[in-house]
Each structure stands twice: as structure tokens, then as C-alpha cells.
Amino acid sequence: MNSAGKDSWSRRAVWGLPAVVAAVCGVLALPTAAAADDGLSITGAEAAQVELDASAGRPHRMHGPLRVVLVNSGATAVASVPAVYLDARGDDDDRTCTAKGAAGASAAGGALTVPAHGAEAVAFDVTVPEQCVGREGTLVLTARGAPPAAAVTPATMRFTLVKGQEEEPGYAAGLFTAAALAAVTGLLMLVPAEMFGQPRTDWWKSPMHGIDSPWSVKDSWLTNITALGAVLGTVLTTTGFLDDWLPGVSLGRFLGMNLLYAGLILFAPIVYSASCYWGWPERTNAAGETVHAFAPVAHGWGLVIAALATLFGVYGQLATIVVLTIAADATQATKWSLYLLVGIAAAFVALYSLRFVRGALADPPAAAPHPVATSRSGTL
């Protein structure tokens, strides 16, 4: 080989060696580039919560925002696809909440692309069945498109579904229901029929000698129970007990309604006392003698109005329990058990009030035109 050929071969070897090294390095770098695209992550609150509200136009569905920041540390832009999976809790709603497609998520504005070496703040709209409130779940983000997107490992984030503050219990509906029930019970008190005693024709102005005034707390068990319910509701609200059973529901209005119904109970004896006048009515004592005693004498209209106020307060507290139960995250079995108990309590309240008021408004027996005065209060 002559010297010219040797020089030419030497130059090729000198220039070809770096090219081979570069090619080998490029091949070795390919997995590294694919791995570099494996950089999608989610950043958000440590205990992320999705506050759910009713989904307009979609009955029995609720939705809420899950606000996160998506970070792409790779060298390629990534189009993310969100999916939501809810945890099973071992109750009757598992089949509904964990079924395929039961829960979903979508980004505002449609498809979301995270730029290379960039970040994107996004609020995913999470939609779930209404009975799934209170569950935990996982948001899963996968990359859409051909490789290298296929090499991106899915990113995940845990969250909890809670009822939004705007989803308040139906306190107004409970108030109107209580007023309607009190009105119906009041009408039944005055029906001219022989049912628990027939009210006299002039019941609103006739003196009621068998019932004393002023009102006494110790003589009214129904009023005592209602007042105790108001105190118990206040204690449960201020101690935070109901917050665990009603997550996401503001209990300030519940406390206010509870105190309102308790105030109606206190208003009842005032009305009853206002219907009384003080005088010297004839009464028969225990020995059968007719005597005159300075005592208050009530009228039927005061008794009826006091009874209506008391019933409004009792039914109001029971209706508040119902609306809170509807808004609660309890199981259906627990809810229906409470509905049954409230219904039984309302029935007994109505029965007791009808028997007492109709008996008080009826004509006294002919043999005892002036019954012996008792310590029985004129309120329920």
C-alpha cells in the first residue's frame, strides 16, 4: 500500500471513530429519552376534597371540582386523559358507585395538553351518583396518543367526596310541612264529631273550669320533651357530633331552626295565660260543697292556639330531623329506620293532642257542672 492510500485510510479512521462513538451513544441514549418522557405528575392538596352539588339536568347525579396542578418534566408535550375510580366500602351502594362508568372526570375546555417541561393548573369536573357522597377515590391520568406518550407512566391522586356547602338541607320544606301538619291536627281538634269527645258549640268563649292557669312546666310532658329536644340539638351541634354524620353541611341554620321551634313552645303558655281572666268562679271541692275561689278561668280559644303553637314546635323538630336525615351520608337502612321512628313519634303526638284538646273542649258531665280544679296545665 502506497503512502497516499495509507494517509487516506488514516484520515477515514480518525474521522470515522467519533461517528461510531456518537452512533453508539445515540443508541444507548434512546431508552433515556423515552424515560425522560416518563415525567407526568399531579400536585394538589394533601387531603384533596371534591365538594359536590346537584348536577343540573342530570337527576340523581352530583358533581364538583377537583383542582390540581399537572407537571410534565419530560421533553415531549403530553395530552392527558382523566379517569375516576371510587373505593368500595362494603355497603349496598358499592355496585352503583364502583360500576364501570359510574364516576367520571373532564377538564374544562376539553382535551388538556401539558407542555414539555411545563405545568398546567386545571380543575377537573368530577361527576358521581348522589349516593356515593362520603367515599374516597382515585384520579388517574394517562397519556393519549402514539409513542412516546405510550411510555408515560399514569399519574394518580387520592381524594374524598363531600357534600358542598350549597347543598343545604330543605329547612324551608320542613317548616312548611310542620305548619301543614299542625293545621291539619288543629282542624281535627274542632271537627263536630264524637271522636275523643265532641267540642261544645261555643267552645271558643266557654270558660274551662277544669284546667288551671298559669302554665306549669312540670305538668306538660310534651312541652318538656320538645324543650329537651331543642337543648339536645344545640349540644350536638356545638360539640361537633353532627359534623361527622353530615360532612359538608352547614349546621348554623339547623341550630337557628331548632331554637325557633323551642321559642314556639315557650310562646304557647303565654297565649294560654292571655286567654284567662281572674275571678270567683263556683267550684265543687272534694267534700262536694260548692265554694267560690279566686282563680284564673281559661277559654277554649286560648287552649286551641296554645296547642297549635306547641304542635308547630314539635312537628318542626321532627321535620328538621327528617331533612337532616335526607341530607346525611348515612346508609338507606339507617335513613328509613329514622323515618319510621319520626313517623311513629308524630302519630303519637297527634293522638295525644287530639284526645286532650277535644276532651277539654267537650261539655262537662251533667252531674258535675263545676269539676274540681286540678293542677293540670292547659298546654300540651
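The values are calculated or read from the model by the stated rules, or taken from the named source; none is laboratory data. From a predicted model like this one, the values you see are computed outputs, not experimental measurements. Ideal geometry is used to build each Cβ from the backbone, glycine not excepted, and the neighbour counts take in all protein chains shown. Quick note on the areas: whole protein, heavy atoms, side chains included, nothing else; ligands and nucleic acids left out. Shrake-Rupley method; radii C 1.70, N 1.55, O 1.52, S 1.80 Å.
The table below lists the values:
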{"read-out": "Under the Karplus curve 6.51 cos²θ - 1.76 cosθ + 1.60, θ = phi - 60°, whole-Hz ³J(HN,Hα) for segment 57-62, x wherever Gly or Pro sits", "value": "x, 10, x, 6, 10, 10"}
{"read-out": "Modelled FRET efficiency - R0 25 Å, A123 with A75, Cβ distances, 0.05 increments", "value": "0.40"}
{"read-out": "Zone residues, segment 101-130, relative to D53, backbone N less than 11 Å from point 7 Å out along Cα-to-Cβ", "value": "none"}
{"read-out": "Spin-label model distance (nm) - L266 vs E289, 7 Å beyond Cα toward Cβ", "value": "4.3 nm"}
{"read-out": "Near-label residues of segment 332-362 by backbone N, under 16 Å of a point 7 Å along Cα→Cβ of R95", "value": "332-333"}
{"read-out": "Approximate shape of segment 42-191 as ellipsoid semi-axes (Cα gyration tensor, √5λ), whole Å, largest first", "value": "44, 15, 12"}
{"read-out": "Theoretical FRET efficiency, 1/(1+(r/R0)^6), r = Cβ-Cβ of F348 and A180, R0 22 Å, to 0.05", "value": "0.75"}
{"read-out": "Distance between modelled label sites at L338 and Q198, nm, 7 Å Cα→Cβ extension", "value": "4.5 nm"}
{"read-out": "Whole-Hz couplings from phi, Karplus 6.51/-1.76/1.60, listed for segment 201-207; x for Gly and Pro", "value": "5, 10, 4, 6, 10, 6, x"}
{"read-out": "Accessible area of F176 in the full protein assembly, 1.4 Å probe (Å², nearest 10)", "value": "140 Å²"}
{"read-out": "J(HN,Hα) series, segment 254-264, from Karplus relation 6.51 cos²θ - 1.76 cosθ + 1.60, nearest Hz, glycine and proline x", "value": "4, 4, x, 5, 4, 5, 4, 5, 5, x, 4"}
{"read-out": "Under-5 Å amide H pairs with R61, H placed in peptide plane, nonlocal only", "value": "S55, E130"}
{"read-out": "Peptide ranges 181-189, 41-49 listed from the most packed, as the mean C-beta count within 10 angstrom indicates", "value": "181-189, 41-49"}
{"read-out": "Rough spin-label spacing in nm, given labels placed 7 Å along Cα→Cβ, for A108 and H60", "value": "3.0 nm"}
{"read-out": "Theoretical FRET efficiency, 1/(1+(r/R0)^6), r = Cβ-Cβ of D87 and L187, R0 56 Å, to 0.05", "value": "0.65"}
